[in-house]
Amino acid sequence: MRRGDEQNRAWTYYELGRAYNNSLTPNQYQLVNTNIEFFAGNQWLHIPETEAMSRLARPTFNIIKRIASLFVASLTSSAATVSFEPLSYYDGENLAEPETNAAVYATAEVRNLFEKFKMDFRVREALLDGAQTGDYCAHFYWDPDALPYGGAFSGCRGEIKMELVDGINVMFGNPNVADAESQPYILIVGRDTVENLQAEAKKYRRKGWHGEIRPDADVQDQAGVGGKTELAPEDEKTGKALYVLLYTKVTEEESVLDPKGQAETELLGGEDGEPVPERDELGRVKTGPAGETLWKRQEKKRKVTRVHVTKATKDGVIYEDLDTGLSRYPIAWGNWEKQKNQYHGRALVTGIVPNQIFINSMMALVFRHLQLQSFPKTVYNADLIAGWDNEIGSAIGVRNLPPEMNLRDVAASIQPADMSNQIMLAIDKALSYTKECLGATDAQMGNVRPDNTSALMVLQSSSEVPLENVRAGLHEWLEQIGAILLDMMGTYYGQRPLVRERSMEEPLLDEAGRPQIDPVSGQMRMQTVTRRVLEDFDFSQFKNLWLNIAADVGATTYYSEIAMVQTLDNLRRDGVLEVLDYLERIPDKLIPRRQELIESIRAREQKAEETEHPAEGLPAMGGSLDEDKLFGGLTGTVQARYDALPKVAQRALIGQAAK
C-alpha cells in the first residue's frame, strides 16, 4: 500500500471513530468531560450568571468522589497478581529438567514487569478512569533501545513498556463489540511534541525523511480540562501534534518447520480428499523398493496472524504497516459496567450526577434561606425615630414620644418564617438512598464502631456483592494483560537472563553465625529459604506454548484482619498453635519487631534442647557396640524418639555409631 493511502486510511478511521462517539446519546465526549469535572468537585459549571444566581451560594457536597474512591480502594486493597499454569501436567514443562518449567518462568517475569510498571498504582489509576469515564485501557509497546534492569546485563537490550490510554482515545473497528481481539482494527489517539514525532519519523526513514509535522490545536476531543490545555506552541519543543496508531491483523501462510529448521511436508490430497499417487511419464503409479505406493507430498503450511501497526499524523506517515510479530493486539480493554451492543462502558459517576445536582442545589437554597431569614427584621415608628442603627452600642434617638406610649411600642422585631423540616429530610433521604442503591453501606464506609465483629463481617461481605461484577471485569483485564505480555516476551525477548525467586536449603545458623548441629542425628540443621537468583531462559518457546492464565486481586479489609487475629487467638488458646506458629502468622503491624522476637525464641529453644541432650550422651563401655550400649544412657525423651523410628532407621543409626 502506498504511503499516502495508508495515511488516508488511518485518518479516515479516526474521523469515523469521532463521528461514532459524537452520535451516541448522550454525546460520549460531553459525558466523559462532565463526569471528570463532577468527580473533581467542579459541580457548578455552566450556571447562568444572572443577578439572582450571583447571590446564590454554591456549596459542593461531593458524594461522588467519596463513593468512587471507596469502591476503588475496596477493589484494590491487595496486590494484583497474574500466574500461569500449563495446559496439562506435561505441556509447558521440561520433563528432563523439571526446574525449567516454562509456566514458572513466565509467572516470574510477569511479576518483574508488574514491579517495573508499578502495577498496583496503575490498577488503581485504571479503575478511577473506569469509575469516571466507563472505560480503562492499557497499551503495551516494545522499546528496543531501553536497557533492562538499568543496564546491569550488558548483553540485553529492549524492554516492554506500558501506558494507560483514555477510553475516548481508543476507537474500535467494530464499536458494537467490546472484545478487543475480534476487532478488524484498533485505533489509539494521542498527542506528542513535534520534536519527538520528527525524531521518530527520521528514525524509521533510513534514507532520510523530508516531510514536515506541524503543531496543531486539535484538543477539543481530549478528556478533561487538563487534556484541552497545553503550552502555547512556541517551537518544536512545546508545540504538539495529534497522531494515531492504527493496529490491524494480517493473516498469511507460512511453512511449518521441524525442530531442525527444515520445512515439514504432508500428503497431497485430491479433490475427493484422498492422497494422490506419483505417476511416471506413462501415467503409471510409482512404487518404492518394497512395492509400496509413492504418494505426492507438499510443503506443510499454516495460517499465521500477525499484528501490523501504522503511525501517522495529519501531515504524514511516521511509519507504516510494520509487522510487530505479535499475534494479539497489545491493548487490554476493560469497562466499569458493560453496556449492550457498544464497546464503551457505563461509568459509576454517570448515575450519580443527577442526585449530586439535586443535593447541591437544595443545599444552596437552604443556605440562601439562612442568609435571608436567619435574623429577625426590625419594625420601628419612623415618626419617632429618624433612622434605625444596628451598630453595636450605638444610641437610638426618639423624638416626641407621648407620655402614654410605652417605649416597647416604638420598635419591634418580626421573627422570620421557619424553614420546612421536609427540606433537610429530603436531602438526608437523597444521600442515604443514593449510597444504599450503590451498595455503599455504613459498614463499608467505616461509619460504625467495630464492636460486634461477627455482625460487621457479615455486613461488610454483603456490601462487597455489588462490586463483584466490577471485580470480575478487572480480573478479565488483568488476564488480557498476562496474555499480551506472554506474546510480547515470546516475540521480542529471545535468550536473556531472568531474575526470579527460588527455594533453597541452607544451614540453620546460631547467634555466632555457626551451623547448628542436631544433637540426636549429629547432622546440620537445615532450613528452607527463598532467594532471588539470576538464570538464563529462552523466552522464544512461549510462541509455541499455551498457558492458562489466572488473575487475582483480592479484597482485604479491617474486619477480615480482625477475624484472622481472632481465629489465631482461639487456636492458640485451644493449644493447637505453638508460640512460633502464632507469631509467624500474625500481621506484622500488631507486634513490633516481630521477626526479632521469633529469632530470640528459636535461640532459647535451641539452647534448652542442647542442655537437655548434650553431645556426649553415649556411654563409655567396653566390648562390642550393641543397641543396649549405644542407647542405654539416653534420656527418656530421646529413647522414646528412637523407639518410634522404623526398624530400618534404627539399624542405620546403630551402624553409623559403630563406625
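The values are calculated or read from the model by the stated rules, or taken from the named source; none is laboratory data. Treat the numbers as computed from the prediction; the structure is a model and nothing was measured. Using ideal geometry, Cβ is built from the backbone for each residue, glycine included, and neighbour counts are taken over all protein chains shown. Ligands, DNA and RNA are stripped out before the accessible areas are found, and what is left, the full protein with its side chains, is counted by its heavy atoms. Shrake-Rupley method; radii C 1.70, N 1.55, O 1.52, S 1.80 Å.
If I filter the range 285-297 for residues that are within 30 Å of ASP216 (Cα to Cα) and open to solvent by 80 Å² or more (accessible area, probe 1.4 Å), do I get at least one hit? Within the range 285-297, not a single residue is within 30 Å of ASP216 (Cα to Cα) and open to solvent by 80 Å² or more (accessible area, probe 1.4 Å).
Take the residues in the range 116-146 that are open to solvent by 70 Å² or more (accessible area, probe 1.4 Å) and in a loop (DSSP other than H, G, I, E, B), then tell me which one is farthest from ASN33 (Cα to Cα). The extreme case among them is ASP145. Counting only helices (runs of 4 or more DSSP H) that fall entirely inside the range 1-71 and contain at least 2 residues that are in contact (Cβ under 8 Å) with a residue 60 or more places away in the chain, the qualifying elements are 3-23, 28-40. Condition first: touching a helix residue (DSSP H, G or I) at 6+ places or on another chain (Cβ under 6 Å), touching a residue at least 60 places away in the same chain (Cβ under 8 Å) and in a loop (DSSP other than H, G, I, E, B). Now tell me which residues in the range 210-245 satisfy that. Listed by number, the residues that qualify are ILE213, ASP221, ALA223. For VAL366, are the conditions met, namely being of a type in the set (A, V, I, L, M, F, W, C), assigned to a strand (DSSP E or B) and out of contact with any Cys (no Cβ under 6 Å at 6 or more places or on another chain)? Taking the combined requirement at face value, the residue does not satisfy it. In the range 147-165, how many residues are open to solvent by less than 50 Å² (accessible area, probe 1.4 Å) and either closer than 14 Å to PHE117 by Cα or modelled with pLDDT of 95 or more (or both)? The qualifying residues number 6.
The number of residues in the range 209-255 being of a type in the set (A, V, I, L, M, F, W, C) and open to solvent by less than 30 Å² (accessible area, probe 1.4 Å) comes to 8.
Residues that are touching a residue at least 40 places away in the same chain (Cβ under 8 Å) and on the phi > 0 side of the Ramachandran plot occur at least once in the range 322-332. A Cβ distance below 6 Å, combined with a sequence gap of six or more or placement on separate chains, defines the contacts here; from the range 267-281, residues that are surrounded by 13 or more Cβ atoms within 10 Å (Cβ to Cβ) reach residues that are among the polar types (S, T, N, Q) in the pairs LEU268/GLN298; PRO277/THR293.
Being touching a residue at least 40 places away in the same chain (Cβ under 8 Å) and more than 23 Å from ILE331 (Cβ to Cβ) is a property that does not hold for THR251. Selection of the range 413-437 for residues being out of contact with any Ser or Thr (no Cβ under 8 Å at 6 or more places or on another chain), closer than 29 Å to LYS377 by Cα and among the polar types (S, T, N, Q) yields GLN415, SER420, ASN421, GLN422.
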